[in-house]
Amino acid sequence: MPRALITGITGQDGAYLSQLLLEKGYEVSGLLRRSASAEVMGERLRWLGVQDRVRMVDGDLMDLSSIIRAIQEVKPDEVYNLGAQSFVKTSWDQPLLTGNVTAMGAHNVIEAVRLAAPEARFYQASSSEMFGKIQQQQQSEKTPFYPRSPYAVAKLYAHWITVNYRESFGMHASSGILFNHESPLRGIEFVTRKVTDGVARIKLGLAKELPMGNLDATRDWGHAKDYVRAMWLMLQQEAPDDYVVATGRTISVREMCRVAFACADLDYQDFVTVDARFMRPAEVDVLHGDPAKAKAKLGWEPTISFEQMMAEMVEADIARHQSRMR
């Protein structure tokens, strides 16, 4: 039975990755930071019905010794570093925390793997936000980076340290440059979930409007369930590498609102307002991924459409609010 250790296991991607690996016969362990209630932190794993099948080990991305101990205890064949301060807006409010957790946290994990399990295969969760002020109309693995937020800068450090360890120490270390990926497990602070939760509240009479930021920003949105499959595929390759994971289709925030509200038979124009408080200090206007390499080398393609994903998210949020109202 192969063994996997996942940081960020209680997040959206960690939960879906746990489900995928368990289905494939893995023994799955997760690094758990003891700063919040385990009951709250396991919500996503419970939602997928896998919480009782995952083993939690104490550790913190900022504590190298705890990560080494966790690796020595688990003896993983694969390590997936998904842990980070991952909300872009918060990275301007807490830039040093973001740098410490998202950049140096990743460095701690790959260093711990090098010291305690050098034969293990390592995955780093890189981000399309690293492209920032885009240098090419469609972004591939060869597109120059131009980060536009403290979060993106921190992710870029983590990305390049992964490349450096691969080239310096011969580690099987790969990075997935993942474009936006969503699901009913997405945090409420992220724009897609903010919208679908807003739709649910308005549909059920709990709210009258949905204040938003830049409606003209466009993103390449896919489903997290598809994207964690790409992570796993990267670590099954003979040679490590970096891959863009995206749908190749861009959709504006405005169009996303239209689709989400339509799922509840509502017109977004009747409810969505623009609020300057939600504008970013430095906006990333367009992100459009080129997944050709992932398709050619990994055999990966998305299976869930944007429309299907939004319908699933709206339905889940309506069900959540209805259960609270009973």
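The values are calculated or read from the model by the stated rules, or taken from the named source; none is laboratory data. All of these numbers come straight from a predicted model, not from anything done at the bench. All Cβ positions, glycine included, derive from the backbone under ideal geometry; neighbour counts span all protein chains shown.
Points to keep in mind about this one:
- Residue within the stretch 214-224 that is polar (S, T, N, Q), in contact with an Asp or Glu (Cβ under 9 Å, 6 or more places away or on another chain) and free of Cβ contacts under 8 Å to residues at least 60 places away in the same chain present: no
- Applying the condition of being at pLDDT 95 or above and more than 18 Å from residue 129 (Cβ to Cβ) to the stretch 213-228 and asking which residue is surrounded by the fewest Cβ atoms within 10 Å (Cβ to Cβ) yields 226.
- Scanning the stretch 115-158 for residues that are in a helix (DSSP H, G or I) and buried (at least 22 other Cβ atoms within 10 Å of the Cβ) turns up 128, 129, 130, 150, 151, 152, 154, 155, 158.
- Test result for residue 176, over 19 Å from residue 129 (Cβ atoms) and either in a strand (DSSP E or B) or without any contact (Cβ under 8 Å) to a residue 24 or more places away in the chain (or both): no
- All of (1) over 25 Å from residue 321 (Cα atoms); (2) in contact with a Phe, Trp or Tyr (Cβ under 9 Å, 6 or more places away or on another chain); (3) surrounded by fewer than 24 Cβ atoms within 10 Å (Cβ to Cβ) hold for residue 231 with one exception: (3).
- Leading residue by the ranking (surrounded by the fewest Cβ atoms within 10 Å (Cβ to Cβ)) among those in the stretch 270-319 that are in a helix (DSSP H, G or I) and modelled with pLDDT under 95: 277
- Residue check, residue 226 farther than 30 Å from residue 174 by Cβ and charged (D, E, K, R): no
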